[in-house]
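Asker: My questions all concern the structure below.
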Amino acid sequence: MSAIGPQSDPVEDYVATLAAALHGPARAKARMVAEAREGLADAVSERTREGLTYQRAARQAMREFGTTDELVVSWQRELTIAQARHTARAVACTLPFVIACWYLVLNADYSRDGQLSRTAQLLAVHLAGVATVAALLAAATLAATGTLARWLPTPDRLPLTVAWAGTTGSVAMAVATLALAVASALGTNWILLAFAGVLAAASHGLVAASARSCRRCARLPLMDPPVNRQGG
């Protein structure tokens, strides 16, 4: 006869399922999951003091909380907005590097191959326009999801717009890396240009990852969050 293993903890199973289904910035997600665990633990503790077994108390507490599917749909909105702000901050913080790269490529002292140098400079001009538009959108997003959110509802399509703006910005940074590689090969101040290229490549990786997460969050079903998250 095989031994019966220890019974799993229904609260931890519930919380683990919730954590696996939510998507967004790690810190915000961890805070929400911790709140769910703490709320369930308090509810279970209250019921066990009334004489219920742990398993029965956990089942009652989870029924009051609602199914994990119900919580995910409502909580995901908060996480999606948090991810949009995270992406907007990444764009706002890294685009100055793109503008600096644009300036370096545009003003580099090229020693040979005039056609390639003109191509690199043309790319730099387009990068400046992309950087300006993305920076303005990032600033508007931070305002719309921050101070203005106290008085105005956040537009439903804003996270997806931010996601694609971040994607466009990351592509611009990849192009900046290429332009700087060309400029460093042709220019006399190649050490500075090569260093700027490394910064542009790092910025591209940061923004691209955040924009990818934002696109994923923006495509998930959303609804307005409940007034009382604890179900009580």
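The values are calculated or read from the model by the stated rules, or taken from the named source; none is laboratory data. Note that this is a predicted model, so its numbers are computed, not measured. Quick reminder, even Gly has a Cβ in these numbers, built from the backbone with ideal geometry, and neighbours come from all protein chains shown. All accessible areas refer to the heavy atoms of the entire protein, side chains included, with ligands and DNA or RNA removed. Shrake-Rupley method; radii C 1.70, N 1.55, O 1.52, S 1.80 Å.
Asker: Cβ under 11 Å from Thr141's Cβ, Thr141 left aside: what net charge do those residues give with Lys, Arg +1 and Asp, Glu -1?
Answerer: The answer is +2.
Asker: At 1.4 Å probe size, with no ligands or nucleic acids counted, give the accessible surface of Arg89 in Å², nearest ten.
Answerer: 100 Å²
Asker: What's the extension gain from Asp69 to Ala19 if we count 0.36 nm per residue and subtract their Cα-Cα distance?
Answerer: 16.9 nm
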